[in-house]
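Novice: Okay, handing you the structure first.
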Amino acid sequence: MGTGRLTIDLAALAANWTALDAMTGCETAAVVKADGYGLGIGPVARTLQQAGAKRFFIAVAEEGHALRAAVGPDADICVFSGHMEGDTELLDAHGLVPMLNSLDQVLRHFERLPGHPFGIQLDSGMNRLGMEPADWEAVAEIALTQQPVLLMSHLACADDADHPMNAYQLQQFRKMADGTGVPRCLAATGGVLMKPEYHFEMTRPGIGLYGGMPFADAKPVVHLDLPVIQCRTVQPGETVGYGNTWTADRPTRIATVSAGYADGITRHLSNIATLWHGDTPCPLRGRVSMDLLTVDVSDCDGDPEVLSLLNDRQGVDTLADLTGTIGYEILTQLGARYGRAYSGL
Ligand SMILES: *Cc1c(COP(=O)(O)O)cnc(C)c1O
């Protein structure tokens, strides 16, 4: 079983896309950057395409090769980082649509790939990527001479629907994008869950597809089961693991599990995570090692052979909350040593 089995429920993935699509009256694209949020871009993208997605977003052109191979020639593939210096051949070879982020990128694109489709990313206040409002009027005169396929921007605080930044960015985006006649796209998962005025002609959810940022009807996509290598009883006063950070106060049955921080189980989870054996919670005791976890299985009926870290009860956001991170990071750190199984389709 190696360091564990990661089961990715493709039927749940497809159901999540369909549910997010049903929340709006517009086109729903899919963000599959970072290897489909760590779950495998090939099976993920093919599943979303079968569910109905026609457009995919990736972060950098290098991700385009595997995605094009998965979805075939007809799907649209958009690249958030735009047209960077070394990207021309990849954009051309795989028919990728860059979201141009600056005047320099616009000029580079028009010069090197004339007639090749492109979109424009506008910065509506996040100050991360895209044309700034102050520059847009002048750049628009050049950029809008060729027909962009999309004007997009990104919300900084969409995980908090009531945050005043959302309304501010909506207004900034509209100032730049309205009246251009070009399709507009502002909403990622958080924006889909907000009012219809955030939806425009297209949305582009990512995390919500994969079981993070749960919405009503969201289905868990990832299950992680870890094999137990051996069990031992630790006596009161004895310690477990590196640094002696946990001491038994009663006879305790400890299971040693084959997975560790090299598999993306961050060391910050030491002494605070819970694994599950069916309905029985099994607290992690001591430090997370590179390849091993030590888990208190005293409450189990007999020694378990497998313990679960991600399941319907404990999703990526629950695990993320324990260490002050987000489900996105849990997903994209899932290790390469796990056996992967795709189920449900
Ligand atoms: C990652 C990303 C998304 C997807 O966001 P989710 O919160 O995962 O839905 C959308 N747009 C941009 C620009 C992104 O970087």
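Novice: Tell me, which residue of the stretch 13-29 that is part of a loop (DSSP other than H, G, I, E, B) and not aliphatic (A, V, I, L, M) is surrounded by the fewest Cβ atoms within 10 Å (Cβ to Cβ)?
Specialist: Looking only at the stretch 13-29, we keep the residues that are part of a loop (DSSP other than H, G, I, E, B), and these are 23-26, 29.
Adding the requirement that they be not aliphatic (A, V, I, L, M) leaves 24-26.
Details: THR24: 19, GLY25: 9, CYS26: 17.
Taking the candidates together, the pick is GLY25.
Novice: Something else about it: Could you tell me which of the residues VAL31, VAL44 is under 14 Å from THR189 (Cβ atoms) and of a type in the set (Val, Ile, Thr)? Can you show your working first?
Specialist: On the way: VAL44 fails: under 14 Å from THR189 (Cβ atoms).
Within the list VAL31, VAL44, the selection yields VAL31.
Novice: Next up: Could you please find all residues in the stretch 272-290 being open to solvent by less than 60 Å² (accessible area, probe 1.4 Å) and not in a strand (DSSP E or B)?
Specialist: Listed by number, the residues that qualify are ALA273, GLY278, ARG285, GLY286, VAL288, SER289.
Novice: Residue check, CYS231 against (1) within 16 Å of the ligand (Cβ to nearest atom); (2) in contact with a strand residue (DSSP E or B) (Cβ under 8 Å, 6 or more places away or on another chain), all met but one. Which one?
Specialist: (1)
Novice: Only one of (1) touching a residue at least 60 places away in the same chain (Cβ under 8 Å); (2) more than 26 Å from ILE326 (Cα to Cα) fails for SER102. Which number is that?
Specialist: Tallying (1) touching a residue at least 60 places away in the same chain (Cβ under 8 Å); (2) more than 26 Å from ILE326 (Cα to Cα), SER102 fails exactly one: (1).
Novice: Give me a count of the residues in the stretch 118-134 that are away from the ligand (no atom under 15 Å from the Cβ) and buried (at least 18 other Cβ atoms within 10 Å of the Cβ). Walk me through how you get there before you give the answer.
Specialist: At the first step, the residues of the stretch 118-134 found to be away from the ligand (no atom under 15 Å from the Cβ) are 118, 132-134.
Next cut, buried (at least 18 other Cβ atoms within 10 Å of the Cβ) only: 118.
Matching residues across the stretch 118-134 total 1.
Novice: Could you tell me which numbered condition VAL316 fails, if it satisfies all but one of (1) on the phi < 0 side of the Ramachandran plot; (2) modelled with pLDDT of 95 or more; (3) surrounded by fewer than 20 Cβ atoms within 10 Å (Cβ to Cβ)?
Specialist: (3)
Novice: Please enumerate the residues belonging to the stretch 328-345 that are open to solvent by 70 Å² or more (accessible area, probe 1.4 Å) and assigned to a loop (DSSP other than H, G, I, E, B).
Specialist: GLN333, ALA336, ARG337, LEU345
Novice: Yes or no: the stretch 174-181 includes at least one residue that is open to solvent by 10 Å² or more (accessible area, probe 1.4 Å), more than 30 Å from ASP303 (Cα to Cα), within 16 Å of the ligand (Cβ to nearest atom) and not acidic (Asp, Glu).
Specialist: For the stretch 174-181, residues open to solvent by 10 Å² or more (accessible area, probe 1.4 Å), more than 30 Å from ASP303 (Cα to Cα), within 16 Å of the ligand (Cβ to nearest atom) and not acidic (Asp, Glu): present.
Novice: Now for a different question. Quick check on PRO205: is it more than 21 Å from GLY52 (Cβ to Cβ) and either touching a helix residue (DSSP H, G or I) at 6+ places or on another chain (Cβ under 9 Å) or not assigned by TED's automatic domain parsing to the domain that holds ASP162 (or both)?
Specialist: The answer is no for PRO205.
Novice: Regarding VAL79, is this residue open to solvent by less than 40 Å² (accessible area, probe 1.4 Å) and under 30 Å from GLY52 (Cα atoms)?
Specialist: yes
Novice: Would you confirm, using the coordinates I've provided, whether THR325 is under 27 Å from ILE207 (Cα atoms) and open to solvent by less than 40 Å² (accessible area, probe 1.4 Å)?
Specialist: Working: under 27 Å from ILE207 (Cα atoms): yes; open to solvent by less than 40 Å² (accessible area, probe 1.4 Å): yes.
It is true that THR325 is under 27 Å from ILE207 (Cα atoms) and open to solvent by less than 40 Å² (accessible area, probe 1.4 Å).
Novice: Among what's in the stretch 191-213 and is assigned to a helix (DSSP H, G or I) and crowded, with 21+ Cβ neighbours inside 10 Å, pick the residue that is nearest to the ligand (Cβ to nearest atom).
Specialist: In this case the residue turns out to be ILE207.
Novice: Go through (1) open to solvent by 40 Å² or more (accessible area, probe 1.4 Å); (2) touching a strand residue (DSSP E or B) at 6+ places or on another chain (Cβ under 8 Å); (3) assigned to a loop (DSSP other than H, G, I, E, B) and name the single condition ARG250 misses.
Specialist: (2)
Novice: Can PHE57 be described as within 13 Å of the ligand (Cβ to nearest atom), surrounded by fewer than 23 Cβ atoms within 10 Å (Cβ to Cβ) and not small (Gly, Ala, Ser)?
Specialist: no
Novice: Hey, HIS163 hits all of (1) within 21 Å of ARG55 (Cα to Cα); (2) within 16 Å of the ligand (Cβ to nearest atom) but one; which does it fall short on?
Specialist: (1) is the only condition that HIS163 fails.
Novice: Take the residues in the stretch 30-43 that are in a helix (DSSP H, G or I) and buried (at least 21 other Cβ atoms within 10 Å of the Cβ), then tell me which one is nearest to the ligand (Cβ to nearest atom).
Specialist: Ranking the candidates gives TYR37 first.
Novice: Going by what's in this entry, would ALA259 be described as open to solvent by less than 10 Å² (accessible area, probe 1.4 Å) and closer than 15 Å to PRO283 by Cβ?
Specialist: no
Novice: If you don't mind, another one. Every residue in the stretch 218-235 that is closer than 23 Å to GLY40 by Cα and either touching a Cys at 6+ places or on another chain (Cβ under 7 Å) or open to solvent by 40 Å² or more (accessible area, probe 1.4 Å) (or both), please.
Specialist: LYS219, PRO220, HIS223, ASP225
The values are calculated or read from the model by the stated rules, or taken from the named source; none is laboratory data. Remember, it's a predicted structure, so these values are computed and weren't measured experimentally. FYI the Cβ positions are ideal-geometry reconstructions off the backbone, even for glycines, and counts take in every protein chain you see. These accessible areas exclude ligands, DNA and RNA; they are computed on the full protein's heavy atoms, side chains included. Shrake-Rupley method; radii C 1.70, N 1.55, O 1.52, S 1.80 Å.
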